[in-house]
Structures are given as structure tokens and as C-alpha cells.
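Here, each number is a calculation from the coordinates, and none is a lab measurement. Only a predicted model underlies this, so the values are computations on that prediction, with no experimental measurement involved. Because the Cβ atoms are built from the backbone with ideal geometry, glycine has one as well, and the counts that use them run over all protein chains shown.
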Amino acid sequence: MAEEKEIQKTGTPLDKAGSIVKEGIVKSLKGINEIEAEIVSLARNTVSSTLRATGDVSKEGLKVSSDVIKGAIQATEEVGTGLIMGTKSVAKGVIMGVSDVGGDLVTFASQTVRGAVKGAADVGADVAMVARRAVDGVIEATKEVGGNVEEVAKVSVIGAIDAAGSIGKSVATSVTEVLVGVAGGAKEVLCAILPKTEKTAAPPAEIVHEAETHSVKKAAPAKAKE
């Protein structure tokens, strides 16, 4: 009996369990946000300072962005975790760094996403999730710097699916399903890119249907003729 009373005294009160977990999760999430912000800053500063040093953004920029993505993937491979979480932050940092030196965001967005997809495949990571995070990162960065979000989203989706297609048909399908609805005109994007990975087949019906749904949601209903 004495032992039971001791356990009750030292254990977590039932009415406190929820609040303790909540506080712990809040602290953890704040920590994650801080880590992601640091990764964005690191990638941004590295890209912008390197491109300023080279003096030729158009010539050296793509190589620099590719090297940054590779470095990030190698880091997560060495640590053994963090690729999916870190991809968005690195991609965002790359685009913001390119923006700092006046580079072409559309070109770099496509290259960044392609690099992330190929890098994920090389280390055996979830290519579809990495692709989605990379696309999210470049779009978020483009919004913050005032770039052409629609065009960046479009080329990013095309770049991701195209890169996935060079890896394999099933990978391309997985990436496509994850990215449907990200870019405006999703159906046109899918029809333009899928023939490269599936030369004789049309895009899967369910994917096209979902793409159409995303496009139709924004359209106003037509008035019936009298």
C-alpha cells in the first residue's frame, strides 16, 4: 500500500497528462520551426554569397543550386534522418538566395526541384514526399519575394514529374498523384509531361479528374440560358 501511494505521489496526475503533452509538443514544434528557419537562412546566404562571388548568375547559378541540394541530401544521409523535413527549407533558401542576386526564379525553381527528386532517389528516400516538399519550398519562397507564383508552381511540377519519369514509371505516377492541384492548369501540365514517361498511355483517369476538379473549383457556374 505504501508503494502504491508513493507511485501516485510521484506519477503524473491524470488531469495534468493532456497539458503536459501539449506543452511538450508546443516546445518541440517551436524547436522544429527554429531549425527550419536556420536551414532556410543557411541555404539562402550560401547561394547568394556564392553567386555574388562568381559574378555570373546565369552561368554558375544552376551549378551552385545543384551543389546546395546535393550537400543537403548528403547531410541528411549522414545523419540518417531529416531529408523530407529539410528539403522544403533548403529549396526555399535556394530560391530566396537566387532572388537576392536577381536570378531567374522560374529556371532555378525547376532545377532545384529536379535536383531534390534525383537526390532522393539516389539515397532511397520517399521521392514523392521529397518532391512535394521541394515544390512547397520554392512556391513559398516565390510568394515571399514577390515572384511569379503561378509560373514557378507550373515549372516546378513539370520538373518534378519529368525527373521522376527518368527514374521509373511507378515513381512518376506517385509524384504526379502527390502534386496534382499544386499548379494552376494542372490538367495541361499532366498531359504535357506524362507522355514522356508513358508514351502511348494517357494520364490516369483519376488523376486527370482530380486535376479538373481543382481547376473547376475556382470557376464561377455558367448562367442558364433563358
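Among S65, S166, sorting on how many other beta-carbon atoms sit within 10 Å of each Cβ, with the fewest leading, yields S166, S65. With a Förster radius of 30 Å applied to the C-beta separation of S170 and K16, the computed FRET efficiency comes to 0.05.
Would you mind giving the three semi-axes, in whole Å and largest first, of the ellipsoid equivalent to region 33-156 according to its Cα gyration tensor? Walk me through the intermediate numbers first.
Numbers: eigenvalues 84, 47, 35 Å².
The three semi-axes for region 33-156 are 20, 15, 13 Å.
Suppose R0 equals 45 Å. What FRET efficiency, 1/(1 + (r/R0)^6) with r the Cβ-Cβ distance, do T107 and E78 give to the nearest 0.05? After rounding, the FRET efficiency stands at 0.90. Close amide H partners of V101, meaning residues 5 or more places away or on another chain with modelled amide H under 5 Å apart, do not exist here.
For the pair E38 and E150, label points projected 7 Å from Cα toward Cβ lie 4.0 nm apart.
With neighbours defined as other Cβ atoms within 10 Å of a residue's Cβ, the residues S66, S48 order from fewest to most as S66, S48.
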